Amino acid sequence: MLLRNRLLSLNLTSFLSPPSPPPKSASFLFSFNKTIAHSTHKRPESKPDVSASRAAKQPMSERARFAKTVLFVPPGVDPEDVTDEMILPGSNIVVGPYAGHSQIKEVEFVKSSGRAKDCPKDDRPEFAILGRSNVGKSSLINALVRKKEVALTSKKPGKTQLINHFLVNKSWYIVDLPGYGFARASDAARTDWSSFTKGYFLNRDTLVAVLLLIDASVPPQRIDLDCANWLGRNNIPMTFVFTKCDKLKASKGKRPDENIRDFQELIRENYKQHPAWIMTSSVTGLGRDELLLHLSQLRNYWDQ
Ligand code: GDP
C-alpha cells in the first residue's frame, strides 16, 4: 500500500495540484510517426471525440494536458473530467465508461500455433502477454486466471516457441507468447523468435493490446526498452505490466518503484501520450483486479 501511494504521489503530485509550475511530465516528446492513440486498434476518429470537440472551443487546461500526457485516458473520458478517484491504484490508468465485468470464471487452453495465420480465426478479441524469460509471465497468467497449471502449457518442451491461445469466459483470449532474451539462446533462435512474433503483432487484427511484462525488481533492461520501442514504432497498443513489485527487501539495488520510474524516464521521449502501466505482484495479488478491470474496458470498447 505504501509503495503504491509513494509511486502514485510521484506521478500525481502535479495532477492533484495544478496548474503551476507546469508538470515536468507534460513535456513528453512525440517522436513516433504514427499516433499512439488509445490502447485499441480502433482509430479514435471512429468515435465521437469529446476531448477534440471541447479543445476546439477552449484551450486545454494544464490538468487536461497532464491527463493526456501522463495518464492513460480511455475512450469515452474527457481528459478535462479526470479526477484522482478515477485512476486505478498503482497505475496511470483512468477507468472509463467501458469498464465492466472483469472477473475470470473459466479458462480453457485452445491451441498452440507456429504462425500468426494458424491462430484461431473466430474474431474474438485478444491480449498478448509478452516479456523476457523469467519475468514472471507464467506466474502472472496463473494469478489472473487463479489456476496453477494454465500457463504451464507453454513451458512444456516444444511449446515454448509457440503462440498459445487460452479462451477466457468463452469470449476473449489471453495469448501466451514466447519469452524473449533467453540468455543461452543461439542467434538463430533469437532471429526465429523475432520474425514469427513480429509477424503475429503486425498481422493479428483481433489483437486489442500487448501486455508487455517488465521485471520491476531489476533496473531497466536494454532488451525490454528495445521491445517497447519496436511495439511503439509499429503502433501496437500496449500496457506495461510491472511484475514482482512485492520485492521490496532487496538488499542491494533500487526498489521496484525506483526501477519503474527509471524505465518510464527512458521511454518517455518516445511517446506523446504515455502507454498504460500498472504495478503487479503474483505473490501478493497486487494489481490483479485492477489489471482485469483495465482489460475489460479495452475489450468492451473493441467489442462494440
Ligand atoms: P516466466 O519465465 O516469465 O514464465 O517466469 P515465472 O512465472 O516462471 O517466474 C520466474 C521466477 O520469478 C519464479 O521463480 C517465480 O517464483 C518468480 N516470480 C514470478 N512472479 C513473481 C512475483 O510477483 N513476485 C516475486 N517475488 N517473485 C515472482
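The values are calculated or read from the model by the stated rules, or taken from the named source; none is laboratory data. Because the structure is a prediction, the values reported are computed rather than measured. Because the Cβ atoms are built from the backbone with ideal geometry, glycine has one as well, and the counts that use them run over all protein chains shown. Heavy atoms of the whole protein, side chains included, go into the accessibility calculation; ligands, DNA and RNA do not. Shrake-Rupley method; radii C 1.70, N 1.55, O 1.52, S 1.80 Å.
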* To do: Go through the range 238-296 and give me each residue that's among the acidic types (Asp, Glu) and over 19 Å from residue 94 (Cα atoms).
  => 246, 257, 258, 262, 265, 269
* Pair list, Cβ under 6 Å, 6 or more apart: the range 204-226 residue farther than 28 Å from residue 303 by Cα, other residue of a type in the set (Lys, Arg) -> 215/244; 216/244; 217/244; 217/247
* Would you please name the residue that is nearest to the ligand (Cβ to nearest atom), looking only at residues in the range 127-144 that are open to solvent by less than 30 Å² (accessible area, probe 1.4 Å) and farther than 12 Å from residue 280 by Cβ? => 138
